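One structure below.
The values are calculated or read from the model by the stated rules, or taken from the named source; none is laboratory data. What you see is a predicted model, and the numbers here were worked out from it, not measured in a lab. Glycine also receives a Cβ, built like all others from the backbone with ideal geometry; neighbour counts cover every protein chain displayed.
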Amino acid sequence: MLYALLRFLDLEHEIEVVGHCSDGARAHHLILETRPDVAVLDIRMPLLSGIEIARKLSDTATSTQVILYTAEAERGLVLEALDIGVRGFLLKEAPLDDLVRALRIVAAGQSYIDPALAGMLAGPEATARLPTLTKRERQILRMLADGMRNEQVGRELSISPLTVRTHVKNAMDKLEADTRTQAVATALRQSLIT
């Protein structure tokens, strides 16, 4: 599986694999040594888990963003990962094209959550207190989650970038988010967008 994945990524333009390893301790060392833009980590690795590595990276000054790539989809693990700053979460059963999409989105400073996880992230207790976003706000947040910039969203929806910013600001206020990335992550986590 790993070698097929590496071969697939090698064929992608603008993606360079700088290293790979099979245990968490080596992965952490390799990340600190090579400083990649994005590190793709399994949650379950010998010596250090992907979440432990993400936590260690969040405590350092590294700019490396983390995508957790895993076969497991436990709600608690996903929420813990998001709370410590993990920018992407992808199931191994997802098509490889989704991994490439996640890499590009996270490298561009956005967040990516596997759509299959969106419903799992909002439990019944959360659903009762979900903020109400307008159809346009949900549409724009979805496009931002896909890595689009305000200008691209505006062109796609035939509205001005200023109007896009206004919708984003309104959604941020409703979601109590400090940044648009946080708003997108919150909307995904609460299944407000999929």
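Based on this model, can you work out whether Asp10 counts as exposed (fewer than 15 other Cβ atoms within 10 Å of the Cβ) and within 15 Å of the chain's Cα centre (by Cα)?
No: the conditions fail for Asp10.
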Within segment 35-75, work out how many residues are closer than 20 Å to Val100 by Cβ and out of contact with any helix residue (DSSP H, G or I) (no Cβ under 9 Å at 6 or more places or on another chain). 1
Which of (1) crowded, with 17+ Cβ neighbours inside 10 Å; (2) within 21 Å of Leu5 (Cα to Cα) does Pro95 not meet, given it meets every other one? (1)
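May I ask you to verify whether Met148 is touching a Leu at 6+ places or on another chain (Cβ under 9 Å) and free of Cβ contacts under 8 Å to residues at least 24 places away in the same chain? Walk me through it before giving the result.
Numbers: touching a Leu at 6+ places or on another chain (Cβ under 9 Å): no; free of Cβ contacts under 8 Å to residues at least 24 places away in the same chain: yes.
Answer is no for this residue.
Conditions (1) touching a residue at least 24 places away in the same chain (Cβ under 8 Å); (2) in contact with a strand residue (DSSP E or B) (Cβ under 8 Å, 6 or more places away or on another chain), marked per residue:
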residue: His20; (1), (2): no, no
residue: Ala27; (1), (2): yes, yes
residue: Ile67; (1), (2): yes, yes
residue: Ala81; (1), (2): yes, yes
residue: Ile84; (1), (2): yes, no
residue: Leu96; (1), (2): yes, no
Hits in segment 164-194 (condition: farther than 18 Å from Ala107 by Cα, in contact with a helix residue (DSSP H, G or I) (Cβ under 7 Å, 6 or more places away or on another chain) and without any contact (Cβ under 8 Å) to a residue 60 or more places away in the chain): Val164, Arg165, His167, Val168, Asn170, Ala171, Met172, Leu175, Ala177, Thr186, Ala187
It is to be established whether one or more residues within segment 51-58 are assigned by TED's automatic domain parsing to the domain that holds Glu14, crowded, with 22+ Cβ neighbours inside 10 Å, small (Gly, Ala, Ser) and modelled with pLDDT of 85 or more. yes
Of (1) at pLDDT below 85; (2) more than 29 Å from Leu6 (Cβ to Cβ); (3) touching a Lys or Arg at 6+ places or on another chain (Cβ under 8 Å); (4) hydrophobic (A, V, I, L, M, F, W, C), Leu144 fails just (1)
Can you name every one of the helices (runs of 4 or more DSSP H) wholly within segment 47-112 that holds 2 or more residues which are in contact with a Lys or Arg (Cβ under 9 Å, 6 or more places away or on another chain)? 75-83, 96-107
